[in-house]
Amino acid sequence: MLDRRNFLKLGGATAFAALFGGCDKIPKKIIPFVIPPENHTLGEALWYASECRQCPAGCGIVVRVSEGRAKKIEGNPLHPVNRGKLCARGQAALQSLYHPERLARPFALTGPRGSGRFREISWEEALSLLLGEMKKIRGKAPTPLLMLTEPMRGHRNLVAARFMRAFGSPDRVAWDPFGQDAFLAANEAVFGVRDVPEIDIARTRYLLSFSGDFLETWGSPVHYARAYGAMRQDRATVRGKFVHLGPRLSMTAASADLFLPIAPGTDGVAALGIAHVLVKEKLTAQAIGASALWNEGLKEFTPEVVAKKTGASPRVLAYVAREFAGNQPGLAMAGNGAAGCTNGTFNLACVALLNVLAGNAGMPGGLSFPNRVAAFTRYGAEAGLLAPPPESGYPAVRGAVGKMRSGGFRMALLSGSTNPAFTLPAALKFREALLAVPFIVSFASFLDETSFLSDLVLPVPTFLEDWGDDIAPAGHSGEAVTLSQPVVNAFHDTRSMADILLAAAKELGGEMRRALPWESFRECLEEAYRGTGKPWEDALREGGFFSLAPGPSRATARASGPALPKVAEASFEGEAAKYPLVFHVYPSTSHYDGRGANLPWLQELPDPVSTAVWRNWVEISPGTAKELGLSDGDGVIVASPSGSLEAFVSLHPGVAPGVAAMPLGQGHSHYGKDARDRGGNPFSILPAREESVARGPAWQSTRVSLTRAKIGGRLVRTAHPEGQWKIGNVM
Amino acid sequence: MLRPGPKATIVASLLVLLLFGASVAARARTSQPILYSHKVHVSSYKIDCRFCHTEATKSASAGIPSVEKCMICHRVIAVDHPEIKKIAQYWKEKKPIPWNRVTELPDHTYFPHKRMVNAGVPCLTCHPGIDKMDVAVQQREFTMGWCMDCHRKRGVSIDCWTCHV
């Protein structure tokens, strides 16, 4: 028999054996590749060239990949747009690749629209659903199919366009909230070319900027920022001077030698004031010959008259004009703040006029209009599809909303980072109109405000897992085609929109198959770039084709010289008595139009001016705050005639008096846990107004009131405004 | 009251150890997703280590062959063997084989395979008997003294930072 003592001894030995038998080695897995990448050495990183799609600029990137995992994104040093540089938004794209909320499977709606009740389905089921609905509406006249996407370029756009044409539907709409309609219209009026010019900041001696955040979000910010650095520091004897006029001291404005705060919407008038001095004092060769302009009405825009409208000092305006003329080549440019007013085209045309008077068109350090699709003459009329002008598509969106509401569409194909349910003004009632469409298909990586409303969600790869090509809208003289390739194998069971459209075309057969004869989008690309003189593999390795001969720059100056732009004043919705402040909105440096808001790296990136993180705020000048009885950090309700939202006040001495400024991009109701509940969405309180000539969205066209309110939480900033600005000493 | 003598205790303890040993052996056979035999590949068929462990001359890690590598031969060789069928299944599903780590060095040491292999140190110096094993186990404890002995004999750096970086 065992006694207690020995029982314990034996029991101890057994427990010991059990315990240590169980941990002779903690199993650690070694997971080798199924198929290793080519040229791969274990532990050594590979760099793959591709293209960033975090904004429409089209910067080239190289991605460091270790053991099949993307680790870091950098700028492609060979790429003409960004020459090795990359902004924070591009760097953060890595997080969208690994995002836990990414859509990994196709989803079909099971509950009512907007309930968010989806079930996972297989790709077979998803495609048969899609094709079933397509076959139902095929052949109806007019075809009730809508395609609403972000602006696409390159062969992705070609595939989408051919699909819709072969399907028989004219309703292909590309929506870009920061489209440059006014810029295009102004360039057409002044230079006779409806395109975005190449702006040679690097070689200019004097840069005049009107309400444009070209170092942050406007156009091709990395390209401009690099050129700006060169303008300041790259020349032995010249440090280019930079003067910024606008209603708000942005990061761009803060880089200027001289910042002139002007009232919103008066950029055009300010430019005419400068032009007035140029012509009156005959400061440039072009100004001497501009007597026609003078007689058309320029003579009335004396610095004194202009000063009254803009709020800038007449003496300083005249001084800037003389400096601008005395430092050739000088360059004038304008951005969203000027273009987004109801008189946007007038503002931009006046700024373009300054370039004409400076005589910089076609000169180094000035403007030029390269033909960016010169390499695609073999495409004939379709060449334009590869590099369409960067329009907003607002008139088409409005048309589509009307047609949706009246039941003109049976099916909608939605895609894109521009998220129309979030970025269109609430007054347009896009959401309600979309819900009138019986079948909505979204091509999406995340459930944002738009894809949330769909009946069928098809998961697409992120741009780091996708094929593509692109012709950037700025930053090269027509010689650059960027290629993008998957830098890693697809993480989830995703298919790109182009591949799905090709598969659908194959299934639908007939004319559609003839229009889109490729098995995959990759095949389409390889075929397109075969025989261009550079092997496909080499082009992929370098990130594209950057050495094609540049096409001839298009003629710029009109024969008779430009006419004086038709004077238009900016109008703002709401009475000044009820809504005392003019509302100035600008794309967020971190989130752009809102697409970056689901990435924690971008949420925690302090705004360069307010240093605020993770939330929205509204900026007013200390003087305005005093009048309204508000102080820094107060919770307020920002109300416009179209709606209201909650925000915290951030005092900013660089905001023009009587202006409330707010960044766009926050305020999501969906789009994941990091994007949700971060303040109100300023897009939602904007009126559904158009710019008067080019019909782009007029974001800068409403007045607001601020009322103190108790709101939860507080605004977190990484620096206190007192310490940063020393209010009272700055202005 | 009958008390078990010291003999009985020893016997009981040995029995327990025997059971323990048997369980370890049994676990070893099932320790890998596929019963891969180094003996068959190295001793019977004389395949060079670096045919599969391709990274040994190029990288810090010798590397585990990809499924594709296995299938180069096993598309045609021994396709009916139950273990090979498992590989074929991984290949068909395009899934990696989740091998369990056998040989391990502490995290605070840096050991680049390529330095040793390129200097002509035979694989069997550190992995003795692997060529005779049906189930790979780590035979050698990698103690610092053992490493240093060899480094001294070969006149290689014994600076701390050579291995502890």
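The values are calculated or read from the model by the stated rules, or taken from the named source; none is laboratory data. In this text the structure is predicted, and so the values were computed from the model without any measurement. Positions of Cβ are generated from backbone atoms using ideal geometry, with glycine treated the same way; all protein chains shown enter the neighbour counts. The protein model used for the area step is the full one, side chains on, heavy atoms only, and it has no ligands, DNA or RNA in it. Shrake-Rupley method; radii C 1.70, N 1.55, O 1.52, S 1.80 Å.
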- Taking A:ASP257, A:ASP469, B:ASP107 and ranking on accessible area (1.4 Å, protein atoms only), highest first, one gets B:ASP107, A:ASP257, A:ASP469
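If you take every DSSP beta bridge whose two residues both sit in the protein assembly as shown, what share of them, in percent to the nearest 5, is antiparallel?
50 percent
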- Query: Which value, in debye to the nearest 20, describes the size of the charge dipole of the stretch A:181-368 about its Cα centre when Lys and Arg Cβ atoms bear +1, Asp and Glu Cβ atoms bear -1, and nothing else is charged?
  - Reply: 540 debye
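Quick one: net charge around A:PRO364, please, counting Lys, Arg +1 and Asp, Glu -1 for every other residue with C-beta under 15 Å from its C-beta.
Values: positive: A:ARG203, A:ARG205, A:ARG235; negative: A:GLU198, A:ASP200, A:ASP234.
Residues close to A:PRO364 contribute a combined charge of 0.
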- Item | the stretch A:274-353: trypsin sites (Lys or Arg not before Pro) falling in loop per DSSP and having at most 14 other Cβ within 10 Å | A:LYS282
- Message: Placing one identical point scatterer on every Cα of the protein assembly as shown and ignoring solvent, what is log10 I(q)/I(0) from the Debye formula at q = 0.05, 0.06, 0.10 Å⁻¹?
- Response: -0.38, -0.53, -1.14
- Query: To the nearest 10 square angstrom, how much accessible area does B:VAL40 have with a 1.4 angstrom probe?
  - Reply: 60 Å²
- Message: I'd like to know which of A:VAL279, A:PHE648, A:VAL401 lies farthest towards the positive end of the charge dipole of the protein assembly as shown, counting +1 on Cβ of Lys and Arg and -1 on Cβ of Asp and Glu.
- Response: A:PHE648
- Message: Students often forget the sequence filter, so: which lysines lie under 16 Å Cα-Cα from A:LYS135 once same-chain residues fewer than 8 apart are removed?
- Response: A:LYS506
- Give me a single rounded figure for A:178-185: the average over its residues of other chain Cβ atoms within 10 Å of their Cβ. 0
- Note on the structure: Highest mean packing first, using Cβ neighbours within 10 angstrom, the peptides A:129-142, A:336-349, A:562-575, A:511-524 sort as A:336-349, A:562-575, A:511-524, A:129-142
- Message: Let me cross-check B:CYS49: its accessible surface, 1.4 Å probe, with only protein heavy atoms counted, in Å² to the nearest 10?
- Response: 60 Å²
- Across peptide B:97-105, how many C-beta atoms of other chains are within 10 Å of each residue C-beta, on average? 4
- Probe 1.4 Å, all protein chains present, accessible-area order of B:PHE51, A:PHE491, A:PHE191, largest first: B:PHE51, A:PHE491, A:PHE191
- Just flag the chymotrypsin sites (Phe, Trp or Tyr not before Pro) in the stretch B:72-154 sitting in loop per DSSP whose Cβ has no more than 16 other Cβ atoms within 10 Å. B:TYR110, B:PHE142
- Item | At R0 = 30 Å, FRET efficiency that the Cβ-Cβ distance of A:ASP234 and A:TRP47 yields, to 0.05 | 0.65
- Message: Can you give me the C-alpha center-to-center distance between the stretch A:683-713 and the stretch A:476-496, rounded to a whole angstrom?
- Response: 36 Å
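Please give the FRET efficiency for B:TYR45 paired with A:LYS299, using the beta carbon to beta carbon distance and R0 = 60 Å, rounded to the nearest 0.05.
0.05
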- Task: Based on the mean of other Cβ atoms within 10 Å per residue, sort peptides A:357-369, A:605-617 so the most packed one is first.
- Result: A:357-369, A:605-617
- Compute the signed sum of charges (Lys and Arg +1, Asp and Glu -1) over the other residues within less than 15 Å, Cβ to Cβ, of A:ASP493. -2
- Net charge of Cβ neighbours under 9 Å - reference A:GLU51; Lys, Arg +1; Asp, Glu -1: -1
- Message: I'd like the distance between the alpha-carbon centres of the stretch A:107-124 and the stretch B:39-72, rounded to an integer number of Å.
- Response: 47 Å
- Query: Mind checking the mean number of beta-carbon atoms from other chains within 10 Å of the Cβ atoms in B:58-68?
  - Reply: 5
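Could you compute the FRET efficiency for A:ARG676 and B:VAL165, with r as their C-beta to C-beta distance and R0 at 35 Å, rounded to 0.05?
Step by step, r from the Cβ atoms, then E = 0.20.
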- Message: Could you compute how much accessible area chains B and A hide from each other, both sides summed, with a 1.4 Å probe? Nearest 100 Å² is fine.
- Response: 2500 Å²
- Item | Computed magnitude of the charge dipole of the protein assembly as shown (debye, nearest 20; Cβ of K, R +1, Cβ of D, E -1) | 1940 debye
- Based on the alpha-carbon gyration tensor of the stretch A:181-368 and its eigenvalue square roots a ≥ b ≥ c, which shape applies: rounded if a/c is under 1.5, prolate if not and a/b is larger than b/c, or oblate? rounded
- Item | Where GluC sites (Glu not before Pro) fall in DSSP loop in the stretch B:76-165, at most 16 other Cβ within 10 Å | B:GLU104, B:GLU141
- Message: Rounded to the nearest 10 Å², what accessible area does A:THR624 have for a 1.4 Å probe in the complete protein model?
- Response: 10 Å²
- Ignoring ligands, DNA and RNA, what accessible area per residue does the stretch A:581-717 give at 1.4 Å, in Å²? 31 Å²
